[in-house]
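Single-structure report; data block below.
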Amino acid sequence: MISRKLLVSLLVRPQLWSVALRQALRLSPDGWWKMTPFTPGPDSSLLEMRSIIAYGGDGSAIPSDKDIIIYLQWCRDVSKHIWN
């Protein structure tokens, strides 16, 4: 679930809105609209694997809002570099 702090951080950064939506859709499993809840979002096993890679441990670490904003900025920058 998205935190209020993260939502506010995204709202004040309109340059990341499309990046956040694109990443939510890219990380969502195929047919996400057929499964409850009917919102795009990454599969829990993907989140666990990425958590283990990023933070170590057993995969239960939750990224901070700041980490998510930095990740979205990185996605935006890489996308600009690749497509420009």
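All of the numbers you see were taken from the coordinates with simple rules; none came from a lab. This structure is a prediction, so every number in the text was calculated from the model and none was measured. As a convention, Cβ positions derive from the backbone with ideal geometry for all residues, glycine included, and neighbour counts pool all protein chains shown.
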Self-check item: Residue check, residue 60 among the polar types (S, T, N, Q) and either surrounded by 13 or more Cβ atoms within 10 Å (Cβ to Cβ) or within 12 Å of the chain's Cα centre (by Cα) (or both)
Solution: no
Quiz item: In the stretch 31-42, what residues are exposed (fewer than 13 other Cβ atoms within 10 Å of the Cβ) and either in contact with a strand residue (DSSP E or B) (Cβ under 9 Å, 6 or more places away or on another chain) or within 23 Å of residue 19 (Cα to Cα) (or both)?
Solution: 31, 33, 37, 38, 39
Self-check item: Residues satisfying the stated conditions in the stretch 49-84, i.e. touching a Gly at 6+ places or on another chain (Cβ under 7 Å) and touching a residue at least 12 places away in the same chain (Cβ under 8 Å)
Solution: 51
Self-check item: Members of the stretch 43-57 found to be exposed (fewer than 10 other Cβ atoms within 10 Å of the Cβ) and closer than 27 Å to residue 77 by Cα, listed by number
Solution: 44, 53, 56
Quiz item: Tally time: how many residues in the stretch 1-30 are surrounded by 13 or more Cβ atoms within 10 Å (Cβ to Cβ), outside any helix (DSSP H, G or I) and in contact (Cβ under 8 Å) with a residue 40 or more places away in the chain?
Solution: 1
Practice problem: Pull up the stretch 27-50, narrow it to residues that are within 21 Å of residue 10 (Cα to Cα) and of a type in the set (Ser, Thr, Tyr), then point me to the one that is farthest from the chain's Cα centre (by Cα). | Solution: 39
